[in-house]
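Everything on this sheet refers to the single structure shown next.
All of the numbers you see were taken from the coordinates with simple rules; none came from a lab. Nothing here was measured: the structure is a model prediction, and the numbers come from that model. Methodologically, a virtual Cβ is constructed for each residue, glycine included, from the backbone with ideal geometry; neighbour enumeration extends over all protein chains shown.
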Amino acid sequence: MIEFTPLENAALLAIFGETPEFAEGLRCQLEVAIVGNRNNTGAGFYTDIVVPASAGRLECPRILGQETHARVDGLKYGLGFVLFMEDGRLHQLEGYCCGGEDTSDLPLSDLSFRIADTPF
C-alpha cells in the first residue's frame, strides 16, 4: 500500500483548513483513504486518492483549495495545491509548480518543505 507523503498530508490538511465548513467530513474521509497512484509530471504531481464507498459523501464544490502553497527545498517558487473531489469524496491532489520549474528529480516522498498561505 502506498502511503501519503508528509507533503501530501500537510497540503490536504491546509486545504481542509481553507474550507472549515467541510473540514470534519474531509478529515473523516482522509482517515480511511489510501493512495491509488502518484505521478510526478515534471511540472508538479498528481496523487490519486481512493476513499471507500462506505465513507460519507460531502455536498461540496468539485474543486477545493487554491490558496495553499508550500516552500520546497529545490524549488525557487514552491508548489501550489488543488484538491479535486468526485461524487462527494476526495479524488485527486494536484501539486503544481508556481514558477515553471522542473520537479522530475525531486524525491516527492522525502522533501523538506513549509506550508504557506501565499504564493512566492
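Can you tell me which residue in region 96-120 is nearest to LEU13 (Cα to Cα), limited to those that are out of contact with any Asp or Glu (no Cβ under 8 Å at 6 or more places or on another chain) and assigned to a strand (DSSP E or B)? Taking the candidates together, the pick is ILE115. Exactly one residue out of GLU59, GLU101, GLU94 is under 15 Å from the mean Cα position of the chain (by Cα) and acidic (Asp, Glu), and it is GLU94.
Checked against the criterion of being surrounded by fewer than 20 Cβ atoms within 10 Å (Cβ to Cβ), farther than 27 Å from SER104 by Cβ and either hydroxyl-bearing (Ser, Thr, Tyr) or touching a helix residue (DSSP H, G or I) at 6+ places or on another chain (Cβ under 9 Å) (or both), region 60-81 contains one or more residues that satisfy it.
Kindly indicate whether THR5 is more than 18 Å from LEU106 (Cβ to Cβ), in contact (Cβ under 8 Å) with a residue 24 or more places away in the chain and of a type in the set (Val, Ile, Thr). Taking the combined requirement at face value, the residue does not satisfy it. With respect to GLN92, determine if the residue is under 14 Å from ILE115 (Cα atoms), assigned to a strand (DSSP E or B) and not hydrophobic (A, V, I, L, M, F, W, C). No. Every condition in (1) touching a residue at least 24 places away in the same chain (Cβ under 8 Å); (2) closer than 13 Å to PHE4 by Cα is met by GLU31 except one, and the failing one is (1).
Checked against (1) surrounded by fewer than 20 Cβ atoms within 10 Å (Cβ to Cβ); (2) in contact with a His (Cβ under 8 Å, 6 or more places away or on another chain); (3) among the hydrophobic types (A, V, I, L, M, F, W, C), PHE22 passes all but a single condition, namely (2). Of everything listed in (1) out of contact with any helix residue (DSSP H, G or I) (no Cβ under 7 Å at 6 or more places or on another chain); (2) of a type outside the set (Val, Ile, Thr); (3) not in a loop (DSSP other than H, G, I, E, B), the single unmet condition for PHE4 is (3).
Note on region 1-59: residues that are farther than 18 Å from GLY78 by Cα, polar (S, T, N, Q) and in contact with a Ser or Thr (Cβ under 8 Å, 6 or more places away or on another chain) amount to 1. ASP48 - would you say it is among the charged types (D, E, K, R) and buried (at least 16 other Cβ atoms within 10 Å of the Cβ)? The answer is yes for ASP48.
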